[in-house]
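*Asks:* This is the structure I want to talk about, given as structure tokens.
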Amino acid sequence: MVISGCKTFILRCRFCGRLSEYEFNIFQIMSNNKVEYRCKCGENNVIIKRQDDKEIVIEIGCFNCGDKHYHKLSLKDILKDDNILYCLHGSKLSFLGSKNIGNQILLGEQINIKEINIGKAGKDYFNNSDILAKALNKIYALNKENKLSCDCGNPKINIEFFPDRMELKCSNCKSVSIIFAETEEDLSVLLKKDKIMLKEHSISCIDSINEKNRDIEKDKYLK
């Protein structure tokens with residue numbers, strides 16, 4: 001199963017009742033202190049604030065009761081395909097998850113979790129969630145400093161998640177950088193990087209095994 005770093009955020013505007021869909025990009029959210037989503041009518045529907053490297057706080061204007069509600073989500077929650085956020089009075093407030101499920105919601109013009117067939121990405125999906133979280137923090141930092149790019153010239157890099165790794169993908173030339181995040185050794189290799197440049201039309205890899213092999217080859221050469 002692949003977990004995408006681009007999610008869909010859906011809710012009804014508190015002011016006009018319009019059902020709106022917003023792109024929720026993990027890079028954007030975690031690289032900024034605050035992100036806002038506005039309705040076409042001008043109402044500020046959602047404010048998302050990064051609380052730390054592993055959590056965000058979402059402030060949502062509620063269509064059902066008219067109040068504002070606050071939800072705290074961890075990184076593990078954000079990566080799920082099926083987050084349904086609720087009003088304090090029990091009504092469904094918004095959806096955060098995969099685009100495919102989001103499209104089903106938009107077609108039905110309502111959030112109805114019973115009508116959606118979903119596969120959950122539970123907390124045990126990742127082989128080492130702590131290592132992955134620290135690796136993501138490094139990726140976010142590089143992206144914020146504009147040190148994450150592709151040598152084809154395209155600045156837009158997407159991210160997908162697997163149990164043992166992340167994959168950075170160029171949206172233009174489809175190049176891929178595979179970053180393993182399973183062991184302390186994998187993390188150590190990544191933390192030493194001061195930038196990541198994807199190679200045009202190529203697949204590259206960042207992990208501890210490759211690094212050890214390079215060290216062995218270097219030692220042979222020096223001898």
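FYI, it's all coordinate maths here, none of it is from the lab. The structure displayed is predicted, hence computed values, not measured ones.
*Asks:* Quote to one decimal, in nm, the extra length available between Glu59 and Asn158 on full extension: 0.36 nm per residue of separation minus the C-alpha distance between them.
*Replies:* Separation in residues times 0.36 nm, less the Cα-Cα distance, equals 33.1 nm.
*Asks:* Another question, then. Any idea how far the Cα center of the range 175-206 sits from the one of the range 16-83, in Å?
*Replies:* Each part's Cα centre sits 29 Å from the other's.
*Asks:* Please state the shape class of the range 129-222: rounded when a/c is under 1.5, otherwise prolate if a/b exceeds b/c and oblate if not, all from the C-alpha gyration tensor.
*Replies:* It comes out oblate by the Cα gyration axes.
*Asks:* With the cut-off at 22 Å, tell me which of the pairs Lys80/Lys174; Lys68/Lys92; Lys80/Lys192 have Cα atoms farther apart than that.
*Replies:* Pairs exceeding 22 Å: Lys80/Lys174; Lys80/Lys192.
*Asks:* I would also like to ask the following. Rounded to the nearest 5, what % of DSSP beta bridges with both residues in the range 129-222 are antiparallel?
*Replies:* 60
*Asks:* Using θ = phi - 60° and the Karplus curve 6.51 cos²θ - 1.76 cosθ + 1.60, what whole-Hz ³J(HN,Hα) does each residue of the range 17-23 get, with Gly and Pro shown as x?
*Replies:* Values per residue, Gly and Pro as x: x, 5, 7, 10, 10, 10, 7 Hz.
*Asks:* Amide H of Cys150: which non-local residues (sequence gap of 5 or more, or other chain) have their own amide H closer than 5 Å, using H built in the peptide plane?
*Replies:* Here the answer is Leu198, since their amide H atoms fall under 5 Å of that of Cys150.
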